[in-house]
Amino acid sequence: MKSVLTKKRPEKHLLKSLKKNSGRNFSGRITVRHRGGGVKKMYRVVDFGQEKMGIAGNVAALEYDPNRTAYLALVEYRDGSKKYVLAVDGMAAGDEIICDREAEIKAGNRTMLKNIPVGTEICNIELQPGRGGQMVRSAGTAARMMAGEGKFAQLQMPSREIRKVPADCFATIGRISHPEHRFEDYGSAGAKRRKGWRPTVRGTVMNPCDHPHGGGEGRTGIGLKRAKTPWGKTAMGVKTRKPKKWTAKLIIKRRSRKK
């Protein structure tokens with residue numbers, strides 16, 4: 001609900017200009033289709049790590065961020081500085097939060113995995129100590145603390161995958177804000193264009209020269225045993241993870257397949 005947001009302009013010193021690439025890579029080739037246009041956006045500099053270790057801060061405002069699905073919390077620290085952090089569900093203006101090695105288990109606080117009780121919901125999780133939060137950062141998501149064993153903690157990810165993460169890594173207590181994002185509808189084509197999305201059509205309505213599914217008369221099938229991407233690669237249900245990736249040894253249970 002956007003009613004929880006504070007009606008104020010974003011902090012000027014925490015904004016950066018954001019250059020559009022319209023789905024193109026460094027050489028100018030389109031690597032992500034159907035992107036382009038949209039209104040101009042400024043990037044909010046978010047503190048994903050723990051730059052203000054041991055310093056308590058008050059949530060001054062909850063703000064919308066056009067660059068992500070979650071809301072941001074503007075935190076005013078006791079030393080006078082201001083930072084944007086990812087807001088957790090239930091956070092409100094006036095709440096006090098802290099990031100410390102041993103912090104109170106309260107929504108919004110940030111502490112080490114080895115100090116978090118089993119069964120606690122966490123988000124914005126580090127993969128390596130000191131790197132800042134890299135996992136579980138989208139709206140409404142949360143991981144669950146399953147167990148702690150020596151140097152590692154076992155976490156159940158939002159995908160139901162269970163993996164080990166170094167126990168010295170930091171994580172934020174609670175679930176990421178804006179859980180109703182998954183139910184929101186753009187409402188019109190123009191709303192999606194303003195977000196930077198260009199029109200998308202199915203491969204079956206294209207010509208054969210444009211897509212492997214194209215061609216035929218009327219609503220005919222794709223004429224293939226299995227679906228393909230526009231570049232002829234097998235799609236749907238194909239494993240994309242590298243089999244010899246070194247982090248595979250940290251995965252205890254793979255994510256369950258959707259039925």
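The values are calculated or read from the model by the stated rules, or taken from the named source; none is laboratory data. Since the structure is predicted, the reported quantities are computational estimates derived from the model, not experimental observations. Cβ atoms come from the backbone with ideal geometry, glycine included; neighbour counts cover every protein chain shown.
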remark   = Being touching a Lys or Arg at 6+ places or on another chain (Cβ under 9 Å), part of a loop (DSSP other than H, G, I, E, B) and of a type in the set (Gly, Ala, Ser) narrows Ser27, Ser22 down to just Ser22
message = Quick check on this structure: which one of Thr69, Thr6 is closer than 29 Å to Arg193 by Cα, assigned to a loop (DSSP other than H, G, I, E, B), touching a residue at least 40 places away in the same chain (Cβ under 8 Å) and more than 20 Å from the chain's Cα centre (by Cα)?
response = Thr6
task = List every residue pair whose Cβ atoms sit under 8 Å apart, with the two residues 6 or more apart in sequence or on different chains, where the first one lies in the range 152-177 and is more than 16 Å from Gln128 (Cβ to Cβ) and the second, anywhere, is assigned to a strand (DSSP E or B) and hydroxyl-bearing (Ser, Thr, Tyr).
result = Ile173/Thr111
message = Can you tell me how many residues within the range 215-232 are within 34 Å of the chain's Cα centre (by Cα), surrounded by 10 or more Cβ atoms within 10 Å (Cβ to Cβ) and not β-branched (Val, Ile, Thr)?
response = 4
ask   = What strands (runs of 3 or more DSSP E) lie completely within the range 125-203 and have 1 or more residues being farther than 28 Å from Arg241 by Cα?
value = 170-173
inquiry  = Whether any residue in the range 72-86 is free of Cβ contacts under 8 Å to residues at least 24 places away in the same chain and either more than 29 Å from Ser3 (Cα to Cα) or not assigned by TED's automatic domain parsing to the domain that holds Gly38 (or both) is what I want to check.
reply    = no
ask   = If you go through the range 204-238, how many residues are closer than 23 Å to Gly23 by Cβ and in a loop (DSSP other than H, G, I, E, B)?
value = 17
